[in-house]
Amino acid sequence: MTEENVQNTIPEADTNANTTYGAEEEDFATLFEKSSAGSRRLDPGQKISARIVSISGDYVFIDLGGKSEGVINVNEFLKEDGTYHVSEGDTIDAFFVAFSDGLKRFTSRSKGYSTVDLQGIRNAYEANLPVNGKVTVELKGGFEVHIGKVRCFCPFSHIDLKGERKSESYINQTFPFKILEYKENGRNVILSRRILLEEEQQERVAQFKESLQVGMEVTGRVRAIQKFGAFVDLGGIDGLIPTSELSWNRAERADNLLSTGQEVTVKVIAIDWEKNRLTLSLKSMQPDPYTGAADKYPVDSMVNGTVVRLESFGAFVNLEPGIDGLIPISKFGTGKRIKHPKEAVEVGQWIEARVIDIDAASRKITLSMEQKINLDEIQLPSVSDIVHGTVEKVIPAGVFLKISDYLTGFIPNSEMGTPRGTNHNRMFPAGTAMQAIVTEIDKNRKKVTLSRNKVDEKIEEDVYNSYRDTVKKEEQATGGLGSLGDLLREKWGSL
């Protein structure tokens, strides 16, 4: 071979060699990655998703990547009819238990790992996985539980959420347990069922919180009754029904409507997870009594009810469950100003009143015990008349003077006869007697405008006119000058 041929051949050889080497390098990297995935370290209790590659003998084999496989006891997938609820090719979730006897052992049961030997119990303890155990007998302080043929112990306080001691509820029953302690090479194994129940409850609560929304209707059981309402257990979450949300009737108490353990359906009206508060309503599940109230209690209709509460501004009267009317303090019809409703009515008193206003949307009904009158029958004074009354109310623009039970006049500040800036609230408190002169009358609106400025002048004028009329009458009766004239006539007549 010539040198030229050798030189021409070498590059081709090098090129092929590089191409082959690159392909091998790529294949090796892929294989290494798969191998690494299959041989990666698994921690006890670690959850993985894996494909079932075969079912043979006592095991279900799952693919861990590469050439690595794990095994799960086939009994975990056995149905009552002897068939399996999984098949080759299915992808399942599994939990790593331990590496023993050359096998990577897994379980598909997050709620109870089936194991029958001491080593399996130890593996479950180290993997922090629950195990299935059968309660066999009651002992001092707890129950004996068999996991396979291994005798374990569960304290009373860990058999349930409430730490029950009723043997008949547990004996011969199989439950999942958490291994609390593994001591003395398995001669002392302490179990807890309560921890698993708490975990399940927390999981349910978390899911429930996510789904819970204002306006939802939920069912629970009354857990406790207090003066301020009732607590309802909704399955791990407590909600409060405040007293105001028990019934449309404000007078109802929780212990009159509910009992501990009673099942109730309520509506969620407020959620505040930051403060862990859930507010419920029982009355929202009942028809609103204010629906149709405007038709049932029209203005000017007469109603009967019981006085249920007294306040400084008026009295509340219960007309029916869920509907209270208010009698303002100025509407008791006593004929005089009162300082508190207790001067006119008392709690528990049955009264008759008249509806003078209703706002069903705002849930307000205003009542009056005053006698209804025809405004056209109100006798109005005349302009320039002096009227007597008492101060009813002082406002920034002037003073309202109550002239009679059904008539009030208004005195503007400019007509009060006081220096500008005078504090009329302090000078003329409500109830102060006062005289004023009528300056203007609006008969259509029954509005009377008054003044104090010329009251004294008017009084003096009226007194003078009265005196003049008296003198005139006397003169007419005596012929003119009266007694003085008679004396003069006698004197001059004798001359």
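Every number in this text was worked out from the coordinates using simple rules, so none of it is lab data. Computed from a prediction, not measured in an experiment: that's the story for all the values here. With ideal geometry, Cβ positions are generated from the backbone for all residues, glycine too; neighbour counts draw on all protein chains shown.
The simple spin-label model puts a point 7 Å past each Cα toward its Cβ; for residue 206 and residue 47 those points are separated by 0.9 nm.
A Förster radius of 45 Å, combined with the Cβ-Cβ distance separating residue 288 from residue 75, puts the computed FRET efficiency at roughly 0.15.
Only sites in a loop by DSSP and with at most 12 other Cβ atoms within 10 Å count here; which GluC sites (Glu not before Pro) in segment 258-360 make the cut? Intermediate values should be presented prior to the final figure.
Values: sites: 263, 274, 311, 343, 346, 352; in loops: 274, 346.
Listed in order of number, the matching sites are 274, 346.
Segment 113-157 and segment 301-315 have Cα centres spaced 68 Å apart.
Loop only by DSSP, 16 or fewer other Cβ within 10 Å of the Cβ. Give me the GluC sites (Glu not before Pro) in segment 56-97 that pass, ordered by residue number.
Values: sites: 69, 76, 80, 88; in loops: 80, 88.
Of the GluC sites (Glu not before Pro), the ones in loops of segment 56-97 whose Cβ has at most 16 other Cβ atoms within 10 Å are 80, 88.
Applying the criteria of a DSSP loop state and at most 15 other Cβ atoms within 10 Å to the chymotrypsin sites (Phe, Trp or Tyr not before Pro) of segment 235-312 yields 273. On the beta carbon distance between residue 273 and residue 390, with R0 = 41 Å, the FRET formula returns roughly 0.10. Each label point was placed 7 Å from the Cα along the Cα-to-Cβ direction; for residue 320 and residue 91 their separation is 6.3 nm.
Taking the Cβ-Cβ separation of residue 414 and residue 343 as r and a Förster radius of 30 Å, what is the calculated FRET efficiency to the nearest 0.05? Intermediate results must be reported in sequence, preceding the final value.
Details: r = 35 Å, r/R0 = 1.18.
According to the calculation, E is roughly 0.25.
Anything over 26 Å Cα to Cα? Flag those among 166/209; 393/447; 393/454, in the order listed. Show your work: numbers first, answer last.
Details: 166/209 33 Å; 393/447 16 Å; 393/454 22 Å.
Beyond 26 Å between Cα atoms: 166/209.
Using a simple spin-label model with pseudo-atoms 7 Å out from Cα toward Cβ, residue 161 and residue 244 lie 3.1 nm apart.
By the gyration tensor of its Cα atoms, with a ≥ b ≥ c the square roots of the eigenvalues, what is the shape of segment 47-107: rounded for a/c under 1.5, prolate for a/b over b/c, or oblate? Could you put the intermediate results ahead of the total?
Values: a/c = 1.76, a/b = 1.43, b/c = 1.23.
The shape class here is prolate.
Less than 5 angstrom separates the built amide H of residue 181 from those of 190, all sequence-distant by 5 or more or on a different chain.
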